[in-house]
Amino acid sequence: MNAQQLVDERGELWLALAPLWLDHEPTERDYVRMINVIEQHEMSLHELEWMFRLELAPVMARHQLSIASEWRKFNDYKLMQQLVNHNLRLKGWRRKSWALFSGLTTMMVRHRWVELMNRLMVARGEH
């Protein structure tokens with residue numbers, strides 16, 4: 001998969017979910033937008049979980065740990081570059097390593113992710 005394919009297939013979804021890592025709790029409007037974008041991608045809860053752990057969290061967790069990070073709003077262009085670069089290298093041992101450490105990279109926003117998944121299940125009539 002090349003960079004353009006990643007942007008086409010995942011870009012909107014990644015950017016919609018990025019607010020989970022901002023310094024404030026997502027608003028009702030944020031959650032509605034996230035669910036709408038998720039539904040356009042027709043992913044299962046299992047697929048979403050692994051996308052969250054492997055594709056998003058390794059990049060987004062670095063923002064949380066950085067002193068000079070963006071906390072109010074992300075620069076979408078810069079963030080997309082970081083996400084694409086990460087995901088182009090996400091093969092073999094790198095993929096396995098991120099899977100192993102995904103608990104650490106997701107722990108700071110896990111409560112928000114659980115809230116989003118609960119809302120998604122309700123929207124899908126699964127809860």
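Every number here is computed from the coordinates shown, using simple stated rules; none is lab data. Keep in mind it's a predicted model, so treat the numbers as computed, not measured. Here the Cβ positions follow ideal geometry from the backbone for every residue, glycine too, while neighbour counts run over all protein chains shown.
Here are some notes:
- Dipole moment magnitude, nearest 20 debye, the chain about Cα centre, only Lys, Arg, Asp, Glu C-beta charged: 560 debye
- Working from Cα pairs under 8 Å separated by at least six residues, relative contact order for region 3-123 is 41 percent.
- Spin-label model, A99 to W50: label points 7 Å out along the Cα-to-beta-carbon direction sit 0.7 nm apart.
- Of the trypsin sites (Lys or Arg not before Pro) found in region 1-61, not one falls in a DSSP loop while having at most 10 other beta-carbon atoms within 10 Å.
- With a cut-off of 14 Å on the backbone N, no residue of region 9-26 is near the modelled label site 7 Å out from N75 along Cα-Cβ.
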